[in-house]
Amino acid sequence: MLRPLKIGSLSACCCSNFVSRMRYVNRLKEDDELCAAALQNSHMFLFHRLSPLLQRTQQGTFRPATLRTADVQSVLESLCSDRTLLKQSVLIGCSEQNQVQFCLDVGELDQASVEELCGGTFINLRKAFLLMGSEAPLVAKGQALLRWHQTSGFCSSTGELTHRNQAGSQRVCSRSGIIYYPKMSPVVIVLVSDGKRCLLGRQSTFPRGMYSALAGFCDMGETLEETLSREVAEEVGLEVHSVSYSSSQHWPFPQSSFMMGFHAAVSSAHSQVSVDLTELEDARWFSLEEITCALQVKRGAPPPPPAFWLPPKHAIAHRLITEWTDLQTRTTEDPQLIQSPDRRL
């Protein structure tokens, strides 16, 4: 276990207390020397050209391969003459077991050789997102930060090189001193209901047969409610009301999106869908029975295949659909639970 590091009057990372861990991580972002010291005894998540290193479990699933700094250093010494590569590691957190966590992209090294030495496989992040558990968000966060560093090497104002701090939490223009921080794109995702059915759509880029909640990027100057209303109007020609917030999720696709999930209602008297085919390939209403059946079927199930399938459990769209299904089921059993305009799911 990492020894406690004294920072002034604060004993950092010396217990599992959430506040202590968050303050410690924040101090690592501000103190290059402290961060460099923490890097020498940390847990490392490796990537190869932004694909995470995974290991197969006994249950046949995958989990991120977590290596010690010494293990990674040994791999680098075997395959790379660049002794400074380890310094390109990016801080991603501190675990409940008080272990500092970094990620590193070794895309310049031979992929097969790294996999053999580390006992894992580099897998595309879209496939890696089949991962579940507490480490899955770290994979997404690590990939997002690594991509940001790879695409932010120059100042957009002066054109000069930018230089990162040790933690990788910021980059600074070498001429102007402008500080750049990692950026995320805000996205609204909404499950629309007419009281008895929910509305799902599909884009042409979706896997065949998959339908999901409607989503779109926020425009400059918009509130979340305005974005939600505009996207639904643009994509399916409906006007929503009774908007309620559900939850949020970092989503690394197409690059680094921050998805905020909502439920919204439309009047059953004005629920005729008019799909904008430049936005969606299809959109239609689904009954509670259809959604319930789809939630019970796993993708790749033996014949007969389902008429459609839903986003996987780790996606916020799946959570919205499940929340709606649970509420509809309870409402059917107890009509007094009918949602009021201000009810939050």
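The values are calculated or read from the model by the stated rules, or taken from the named source; none is laboratory data. Only a predicted model underlies this, so the values are computations on that prediction, with no experimental measurement involved. Note: ideal-geometry Cβ built from the backbone for every residue, glycine included; neighbour counts use all protein chains shown.
The table for this structure:
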| quantity | calculated |
| --- | --- |
| Condition broken by F206, with the remaining ones in (1) within 25 Å of R126 (Cα to Cα); (2) among the aromatic types (F, W, Y); (3) outside the structural domain of S244 (by TED's automatic domain parsing) satisfied | (3) |
| Residues being more than 15 Å from L109 (Cα to Cα), surrounded by fewer than 19 Cβ atoms within 10 Å (Cβ to Cβ) and touching a Leu at 6+ places or on another chain (Cβ under 7 Å) - total across the stretch 39-86 | 2 |
| Leading residue by the ranking (nearest to T223 (Cα to Cα)) among those in the stretch 245-298 that are of a type in the set (A, V, I, L, M, F, W, C) and part of a loop (DSSP other than H, G, I, E, B) | V266 |
| Residue among E239, E231 that is acidic (D, E) and under 22 Å from the mean Cα position of the chain (by Cα) | E231 |
| Residue that is surrounded by the fewest Cβ atoms within 10 Å (Cβ to Cβ) [pool: residues in the stretch 239-268 that are more than 16 Å from V188 (Cα to Cα) and at pLDDT 90 or above] | S267 |
| Filter result for the condition that a residue is closer than 30 Å to T151 by Cβ and either of a type in the set (A, V, I, L, M, F, W, C) or surrounded by 21 or more Cβ atoms within 10 Å (Cβ to Cβ) (or both), over E222, E226, E235 | E235 |
| Among residues of the stretch 230-283, those that are in contact with a strand residue (DSSP E or B) (Cβ under 9 Å, 6 or more places away or on another chain), under 17 Å from C198 (Cβ atoms) and not hydroxyl-bearing (S, T, Y), counted | 19 |
| Residue within the stretch 6-26 that is touching a Lys or Arg at 6+ places or on another chain (Cβ under 7 Å), on the phi > 0 side of the Ramachandran plot and modelled with pLDDT under 95 present | yes |
| Long-range neighbours under 6 Å by Cβ, at least six apart or interchain, first residue assigned to a helix (DSSP H, G or I) within the stretch 222-237, second modelled with pLDDT under 95 | E235/E279 |
| Residue within the stretch 253-261 that is of a type outside the set (D, E, K, R) and over 22 Å from H314 (Cα atoms) present | no |
| Some residue of the stretch 77-85 being more than 20 Å from the chain's Cα centre (by Cα) and in contact (Cβ under 8 Å) with a residue 40 or more places away in the chain | no |
| Inter-residue pairs, beta-carbon under 7 Å, first on the phi > 0 side of the Ramachandran plot and in the stretch 125-152, second modelled with pLDDT of 90 or more and buried (at least 17 other Cβ atoms within 10 Å of the Cβ), 6+ apart | none |
